[in-house]
Each structure stands twice: as C-alpha cells, then as structure tokens.
Amino acid sequence: MGLERSLPLVGLLLCVAGTAAQQDDIEAQEEFLVEISGTTVTITCPLTEVRMSWELFGTPATSHERKYVIENHDSSPGYVSCSAGEKKYEMYLNVRVCANCEELDALAVTGIITADLLITFGVLILVYYFSKDRKGRASAGAGSRPRGQKTQRPPPVPNPDYEPIRKGQREVYAGLESRGF
C-alpha cells in the first residue's frame, strides 16, 4: 500500500527533474504562440523587445519583428529560435499544413458531434419501438410454421417389415430359413 501512495510523488519528481534538465541556457518559462491557417504559419516570440532576431531551421531570418510569418510552409520539421540580447527562446516546430483544408472552430466540431449523437439516439429509439411490438409474434421466415396449441399426435403407422410374428406365420418362416432364405 505504501508503494502505491508514493508513485504519484515519484512521477511528479521525475517531471520536475526532466524539465529542469532540459532548460540548459534556453529560457523555457514562456511559450511561443503558433497559428496555422492553410499553408501559412505565424509564430509569435515570447520576448517583448522591439528588435529581435529569428533563426529558422539553422539559417538566420530577415524579419526582426515579434511575429514571424512563414508563407507556403512545406510541413518540414525543425528548430525555430528568437533572441534579443542575452535572452533566447527555442522550440521544435513540427506542424502539418495543407492547402485545401477547411478550418473548423470548436463550435462547429461540437455541433457535428451533438448532431451525430442525436441521430444515433433517434435511430436507437425507432428500432426499440418498432421491435417492441413483435416480441410475442412468430417470425414469418422460411421454414417456420405458425405455432398453435400442442395437440396429441396419433401413433405412427407400423412398418409391415417389422410386424411381430404371429402363431401361423412361425412355421412359414421356419421353412424359409431351412431352405437358405
């Protein structure tokens, strides 16, 4: 029981130690803002200085503003950094873009999911109500016949080959057997 209680604490310590080890000399307290629209990627640096330098995928960029816009991005991943003086922020950019994609906001996604659930429940209710009336009826499928009350069946017709031997027939059969029949 003691080990189960200490596991969340160990997980928390590993998370804290992992983020502390990743900081090196790169600031990681604030985050980049990345906006994607079609094939355009807009990156906003967390620094608030007026003049800064950008480095994209290992090459210096020409823009010195806080927002950097990448037109016609080809979805290739790489490192992006912005710096001003001694402060430097770096991130790994791995975004997928497409030219013919439609953008959906949270309201549209919520509406689609809600409509799907309502249609599914509607079909479920219809199936329930239409099948509820047929529980006691026999199906009219192939090979089925209507079931009525059980009646007594007459005894089966006896097969003449299996009739019991009567007194007069015993001699006839004995004579046939002696001849090899």
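If the segment from Arg51 to Ala115 were pulled out straight at 0.36 nm per residue, it would be longer than the present Cα-Cα gap by 18.1 nm. Computed 3J(HN,Hα) for segment 122-132, one whole-Hz value per residue from the Karplus formula 6.51 cos²θ - 1.76 cosθ + 1.60 where θ = phi - 60°, is x, 5, 4, 5, 4, 4, 4, 5, 6, 8, 5, glycine and proline marked x. Using r as the Cβ-Cβ distance of Lys67 and Arg96, and R0 as 22 Å, what FRET efficiency do you calculate, to the nearest 0.05? Efficiency, from the Cβ-Cβ distance: 0.60.
Computed from the coordinates by the stated procedures, all read-outs in this text should not be read as laboratory data. As the structure is a prediction and not an experimental result, all values here were calculated from the model. Here the Cβ is made from the backbone with ideal geometry for all residues, glycine too, and neighbour counts use every protein chain on show.
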